[in-house]
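Remarks on the structure that follows.
Just so it is clear, none of the values below were taken in a lab; they were calculated from the coordinates. Keep in mind the model is a prediction, meaning the values are calculated, not measured. Counting neighbours? That spans all protein chains shown, and the Cβs are built from the backbone with ideal geometry, glycine included.
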Amino acid sequence: MNMIISCEHASASVPDPYAGLFAGTSHILKTHRGYDIGALEVGRRIEALAEEVFYGRCSRLLIDLNRSRHHPHIFSSFSRNLPISERERIFTDWYDPFRTLVLQALEQMLVRHGEVLHLSLHSFTLILDGVVRPNDIGILYDPSRHREKEFARQLAAAMRAVRAGLTIRMNYPYRGTSDGHTTALRRRFSTEGYLGIELEINQRLLEDDRGQADIGQLLYDSFNEMGIGNSLRE
């Protein structure tokens, strides 16, 4: 099966025209609030398995590329009070290009191959609002889509075969049907052609280069074991 990777929260960057929104609080951009720590580095270690790879280029605190356009939290507390014209400019310059490129790539791949795996790559903080989330990896999918559910089961089994003792939970720490990029794309593509899987990795495993390389190798070996990407980039 051919794969596309998207990493919506890859970057903590803020375009120069909006840097003033974070004056005195720019340190927040380097926390889990600003981006998905380690997700970009993991993505780069498995991108050879994918036919197309897309990384977000701005912080989620400017605009959340994983949210639907009309989601009430697509803009953060830092950006939601911008004038409507400025928010529309952010959509035009940062949100729409990313989402359009992913959509077009999927459409083209479905024409060529008939089916495609879309891996949306994320990481999550160990503690959120005082709640500890100790699992290593979460696999998010739509339980009503049989092929996604079966793929998620197979992926979990492959990862456990590569790394015994790995703690994997399904549709945790978020529901696979919550608002997100894969959820939006399921409304456009059939269950036969499109598999949308969101992978959530605990940030305690991604604190340094060694940890990022380790998780990248785990995913590379697991997908390779499943036959994902073997025919790509020949």
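Observations on the model:
- Spin-label zone in segment 80-115 - amide nitrogen under 13 Å from a point set 7 Å from the Cα of THR25 along the C-beta vector: 80-82
- Residue of THR31, THR182, THR125 that the Gaussian network model of the chain assigns the largest fluctuation, springs spanning Cα pairs under 10 Å: THR31
- Bridge type composition, segment 3-225 - antiparallel percent by DSSP, nearest 5: 25
- Estimated distance in nm for a label pair at ARG153 and GLU192, the labels positioned 7 Å out from Cα along Cα-to-Cβ: 2.2
- Here the label points at ARG169 and ASP214, each 7 Å from Cα along the C-beta direction, are separated by 2.1 nm in the simple model.
- Cβ-placed point charges (K, R +1; D, E -1), dipole of segment 3-225 about Cα centre in debye, nearest 20: 520
- Cβ-based exposure ranking for SER68, SER79, in which fewest neighbours within 10 Å come first: SER68, SER79
- Value of [θ]222 nm, deg cm²/dmol, for the chain, DSSP H segments ≥ 4, -39500 (n - 2.57) each, nearest 500: -9500 deg cm²/dmol
- Label separation (GLU115 vs VAL131): 3.4 nm, computed from points 7 Å beyond Cα along the C-beta direction.
- Segment 55-134-segment 192-209 distance, computed between alpha-carbon centres (Å): 15
- Given +1 at the Cβ of Lys and Arg, -1 at the Cβ of Asp and Glu and no other charges, the dipole of segment 1-88 around its Cα centre is 300 debye to the nearest 20.
- Karplus (6.51, -1.76, 1.60) ³J(HN,Hα), θ = phi - 60°, over segment 169-179, in Hz, Gly and Pro reported as x: 10, 8, 6, 8, x, 9, 7, x, 9, 5, 4
- Selection from VAL53, PHE22, LEU65 lying farthest towards where the dipole of segment 22-79 points positive, charges on Cβ: PHE22
- Using R0 = 45 Å, the C-beta based FRET efficiency linking SER85 and GLU225 works out to 0.35.
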